[in-house]
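Inspection log for the structure reproduced underneath, given as structure tokens.
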Amino acid sequence: MQSEKVMIKRKSNNIIKFWHSYRQSLYGLIGFAILLIFIIVALFAPIISPYNPHAMKGEVLLSPSLSHLMGTDHLGRDVFSRIVYGTRVSLSVGFIAAGLSAIIGIFIGSFSGYYGGIVDEIVDKIVDTFLMIPAFFLILIIVAIFGNSIFYIMLVIGLTTWPQNARLMRAQALSLRERTFVMVARATGESNIRILFTHIIPNGIYPVLANTALQMGGAILTEAALSFLGLGDPNFVSWGKMIYQARPYMTFAWWAVVFPGIFIVLAVVSFSFIGDGLQYTFNPKLNVKQKKVSA
Amino acid sequence: MSGFVRFITRRVISIIPMVLLIVLINFFIIHLAPGNPAQIISGLEQPSQEVIKALEHRYGLDKPLVVQLGIYFKNALKGDLGYSYIYSEPVITLIKERIGATLLLTLTSAVLAFISGTLLAAWSSRYKKGILDSILSILSYVLYAMPSFWLALILILIFSSNLRWFPTAGMFNVRLSLHGFSRFGDILYHLFLPVLTLTLIQIPVYFRVTRSSIFQVSRDEYILTMTAAGLERKKIFNKYVLKNAILPSVTIFGLTLGYAITGSALVEIVFAWPGMGRLMLDAVFKRDYNLLLGIYFVLAVCICIAILLTDVFYAILDPRIRYK
């Protein structure tokens, strides 16, 4: 019981310590603030949006005014309300697709790096290949052939972007398995699985976390591009789809194209900021650890 | 020189498993896709029994899966990628007609982005932590986050619809049948906006890599020694720091080309550029699986070749790599 309490205390201490060093990065803070606003917008979309995003009641192609902040589209739908609802799709694609990619990458990378051998070499080759060939075309083909529901899109993005995380995790596992504390654990008879889950993954996960923030932005861009090609989920409003639908009327209704794009950029920038903030936070920590080990 | 030859051979051999893997992915997609593989390869919606029989024989579809994979692989390497049903032509012919336009767009923008990204990084690193450095750094975040197709639309709105400086679509003016130098000029004129879009979205990659590598190299001991010895700072920067700091950008050139081709497919669609992007869009809309897989295969092979060429170029630039 007591050791558990100590563990909990140590964990919350770690979070406070983490926050103290993350605070140092201005970009990281700004990114976090933007993301927080987006999350609130996504959660309270029905309260925030002034109109029903599907209602075709207003006049068509109205320019931005006080009653329609960002104008209306070619079917008379309020652009601002559609952007608010689109936040839901973009954020869930970002979180779920990149989360899945992180989980797969962490498992494959840590197993491959820790055990080594021929399996490791094959995994490394596969990872190399996937990293060189743009995942977007593969995602596009799979979605075009097998269907374009939003869950399918998230799944496919997650299943095709894990190699980056696997490579980062593998490098960590390769160096961690030679460290003294892991060797001690092995000598005291801890099972390999236990070592992986209590030592290798918790200590090597940081670069993957920073990369996952970047991949969340990447997933949002991928979904937008798919929607722009007409491969978005027909049942949900998404920023990419808004641009796709507004494009034919672009020359006399710029607002329906410009505003959704600005929100894509904002969301992706916030994730990039967070990713870089995490990198700055984790790197000095790792340096300190390495110094201690070598001394 | 023998070290050089050995290095190249090793790189060429390392490409083989990559091509194999792409073929494997394509093969599995054809077999997992709804519908009969013979029907997909035939490119017909309702192929007759004879056609199916003939195709099954030609591609060995009645044989075990492993044998089929072997035959599929052999055909792919020979350039036989099946038929496209929307154009009723061999996929490879369609791709051959359009790949030139795509490569023109992609390579021009990649080279321009490499040059301008590196120069901007060199320029901004002289004013480290200054206003210029911060502005460029924020701009690189924004450009990196920008969907290529959206940037293309915005540029059309500004430069074509409002200012009327550049054409909105196409590769040349079809109403004027120009020849020789004026035709070249016309293509350049049409090339400007698509290339500008693609260059802008690639600049951040080179900018960031070069910037951090300049930072790293300038902290190296030999640079410190030179500074301490009293060499002119400008000379050290141009002659020693920049030369070494460019190397990482060269290595990522091949990889970034993959990113550039993705962007270029989308930008081509916006500008109605007669390249592979348009072909891809048609294939997506009419569910022409064969054409899609063919495009994927050819692009992947192109990227492999680009990465190989980058490695060779790198080995020429940096002799250390050859003897590793």
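What helices in chain A pass both tests, a Cα length along the helix axis of 24 Å or more and a mean Kyte hydropathy of 0.5 or higher, using whole DSSP H runs? If you can, show how the numbers build up before the last one.
Details: long enough: A:2-22 (30 Å, -0.93); A:26-43 (26 Å, 2.93); A:79-115 (53 Å, 1.28); A:150-176 (38 Å, 0.84); A:206-228 (34 Å, 0.92); A:255-294 (58 Å, 0.73).
In chain A, the long hydrophobic H runs are A:26-43, A:79-115, A:150-176, A:206-228, A:255-294.
With respect to the cross-link table entries B:K53/B:K78; A:K125/A:K241; A:K241/B:K78; A:K125/B:K239; A:K241/B:K286, which display a Cα-Cα separation exceeding 30 Å? Could you put the intermediate results ahead of the total?
On the way: B:K53/B:K78 22 Å; A:K125/A:K241 36 Å; A:K241/B:K78 39 Å; A:K125/B:K239 37 Å; A:K241/B:K286 19 Å.
Result: A:K125/A:K241; A:K241/B:K78; A:K125/B:K239 exceed 30 Å.
Can you find, among B:T210, B:A121, B:N244, the residue farthest towards the positive end of the dipole of chain B? Put +1 on the C-beta of Lys and Arg, -1 on that of Asp and Glu.
Checked the options; the winner is B:N244.
Of all the accessible heavy-atom surface of chain B, with the other protein chains kept in place and a 1.4 Å probe, what percent is carbon and sulfur? It would help to have the intermediate numbers written out before the result.
Working: 10900 of 16290 Å².
Roughly 67 percent of what the probe reaches on chain B is carbon or sulfur.
Cα convex hull of the protein assembly as shown: mean projected area in nm², to one decimal? Mind dumping the intermediate values first?
Details: hull surface 144.9 nm².
Its Cα hull, projected and averaged over all orientations, spans 36.2 nm².
If you build the Cα gyration tensor of region B:203-289 and take the root of 5 times each eigenvalue, what three semi-axes come out, in whole angstrom, biggest first?
Each semi-axis is √(5λ); the values are 45, 11, 8 Å.
Long-range amide H contacts for B:E89: which residues qualify at under 5 Å (H placed 1.01 Å from N, peptide plane, sequence gap of 5 or more or a different chain)?
For B:E89, the qualifying residues are B:S84.
Which residues, if any, in region B:1-28 have at least 50 Å² less accessible area in the whole protein complex than in the isolated chain, probe 1.4 Å?
Buried by 50 Å² or more upon assembly, which counts only protein chains, are B:M18, B:L21.
For the charge dipole of region A:2-294, defined by +1 on Lys and Arg C-beta atoms and -1 on Asp and Glu C-beta atoms about the Cα centroid, which residue among A:W239, A:T87, A:F181 has the Cα displaced farthest towards the positive pole?
A:F181
Rounded to the nearest percent, how much of the accessible area of region A:2-294 (1.4 Å probe, protein heavy atoms only) is carbon and sulfur? Show your work: numbers first, answer last.
Values: 9310 of 13850 Å².
That share works out to 67 percent.
Can you compute the charge dipole magnitude of region A:2-294 about its Cα centre, using +1 on each Lys and Arg Cβ and -1 on each Asp and Glu Cβ, nothing else charged? Give it in debye, rounded to the nearest 20.
Details: 23 positive and 13 negative charges, 239 e Å.
Approximately 1140 debye in magnitude.
Which whole number gives the average count of other chain Cβ atoms within 10 Å of the Cβ atoms across peptide A:126-136?
Details: counts 3, 0, 4, 11, 3, 2, 11, 14, 13, 2, 7.
If you average over the peptide's residues, the count of other-chain Cβ atoms is 6.
Using packing as a proxy for protection, rank B:46-52, A:202-208 so that the peptide with the highest average count of other Cβ atoms within 10 Å comes first. Write out the running numbers ahead of the final one.
Numbers: B:46-52: 11.9, A:202-208: 19.0.
Taking the mean over residues of other Cβ atoms within 10 Å, the ranking is A:202-208, B:46-52.
Using DSSP H assignments, which helices in chain B have an axial alpha-carbon span of 27 Å or above and a mean Kyte-Doolittle hydropathy of 1.6 or higher?
Numbers: long enough: B:2-32 (46 Å, 1.83); B:91-125 (48 Å, 1.38); B:180-217 (48 Å, 0.88); B:247-271 (34 Å, 1.57); B:289-317 (42 Å, 2.27).
Those that pass (Cα extent of 27 Å or more, hydropathy at least 1.6) are B:2-32, B:289-317.
Charges on Cβ only, +1 for Lys and Arg, -1 for Asp and Glu, centred on the Cα centroid of the protein assembly as shown; of B:S48, A:I48, B:F28, which one is farthest towards the dipole's positive end?
Positive-end residue among those listed: A:I48.
So what is the accessible area of chain B per residue, in Å², with the probe set to 1.4 Å?
Values: 16290 Å² over 324 residues.
Per residue, chain B has 50 Å² of solvent-accessible surface.
For A:L61, what residues show an amide H to amide H distance below 5 Å, using hydrogens built from the backbone and excluding near sequence neighbours?
A:T72, A:D73, A:H74, A:L75, A:G76
What accessible area per residue comes out for region A:205-269, rounded to a whole number of Å², with a 1.4 Å probe?
On the way: 1950 Å² over 65 residues.
I get 30 Å² per residue for this part.
Along each of its three principal axes, how wide is the spread of alpha-carbon positions in region B:1-112, in whole angstrom units, largest first?
Sorted largest first, the three principal extents are 58, 33, 21 Å.
Can you compute the helix-only [θ] at 222 nm over chain B? Use -39500 (n - 2.57) per DSSP H run of at least 4 residues, normalise by all residues, nearest 500 deg cm²/dmol.
Values: 14 runs with 237 residues, N = 324.
Counting only the DSSP helices, I get -24500 deg cm²/dmol.
With n ≥ 4 as the cut-off for DSSP H runs, can you work out [θ] at 222 nm for chain A, using -39500 (n - 2.57) per run divided by the number of residues, rounded to the nearest 500? Don't jump to the answer; show the numbers that get you there.
Working: 13 runs with 222 residues, N = 295.
Estimated from H runs of four or more residues: -25500 deg cm²/dmol.
Just the number, please: Stokes-Einstein D of region A:2-294 in µm²/s, Kirkwood Rh from C-alpha pairs, 25 °C, 0.890 mPa s. Walk me through the intermediate numbers first.
On the way: Rh = 21.2 Å.
Stokes-Einstein gives a translational diffusion coefficient of 116 µm²/s.
So which residues of region B:275-300 lose at least 30 Å² of accessible area, probe 1.4 Å, when you go from the chain by itself to every protein chain present?
For region B:275-300, once contacts with the other chains are taken into account, B:M280, B:V284, B:F285, B:R287, B:Y289, B:L292, B:Y296 lose 30 Å² or more.
Calculate, axis by axis, the spread of Cα positions in region A:123-274 along the three principal axes, and write the results as whole Å, longest axis first.
That works out to 72, 33, 27 Å along the principal axes.
What residues qualify as long-range amide H neighbours of B:G275, i.e. H under 5 Å apart, gap of 5 or more or another chain, H built at 1.01 Å from N?
Counting only residues 5 or more places away or on other chains, the set is empty.
Are there residues in region A:141-185 whose accessible area shrinks by at least 50 Å² when all protein chains are included rather than the chain by itself, and which are they (probe 1.4 Å, ligands and nucleic acids not counted)?
Buried-area filter returns A:I141, A:A144, A:I145, A:F146.
Normalised by the residues of region A:55-185, what does the relative contact order come to in percent, with Cα pairs under 8 Å and at least six apart?
Details: 147 pairs, mean separation 35.9, N = 131.
Answer for region A:55-185 is 27 percent.
If you take the accessible area of A alone plus B alone and subtract the pair, what total do you get in square angstrom, rounded to 100, with a 1.4 Å probe? Write out the running numbers ahead of the final one.
Numbers: alone 16150 and 18260 Å², together 30430 Å².
The A and B chains share an interface burying roughly 4000 Å².
Please sort by residue number the trypsin sites (Lys or Arg not before Pro) in region B:59-163 whose DSSP state is loop and whose Cβ has at most 16 other Cβ atoms within 10 Å. List each step's numbers first, then the result.
Values: sites: B:K74, B:K78, B:K96, B:R98, B:R126, B:K128, B:K129; in loops: B:R126, B:K128, B:K129.
Passing sites in region B:59-163 are B:R126, B:K128, B:K129.
Please identify the longest segment of chain A free of exposed trypsin sites (Lys or Arg not before Pro), where exposed means a DSSP state other than H, G, I, E or B and no more than 14 other Cβ atoms within 10 Å.
Numbers: sites that count: A:R23, A:K57.
Longest stretch, sites excluded: A:58-295.
Given bins 20 angstrom wide, list per bin the percent of all Cα-Cα distances in chain B, short to long.
All Cα pairs, binned at 20 Å, distribute as 25, 48, 23, 3, 0 percent.
The values are calculated or read from the model by the stated rules, or taken from the named source; none is laboratory data. Since this is a predicted model, take the numbers as computed values, not measurements. Every residue, glycine as well, gets a Cβ built from its backbone with ideal geometry; the counts of neighbours run over all protein chains shown. Side chains are part of the model used for accessible areas, which takes the heavy atoms of the whole protein and leaves out ligands, DNA and RNA. Shrake-Rupley method; radii C 1.70, N 1.55, O 1.52, S 1.80 Å.
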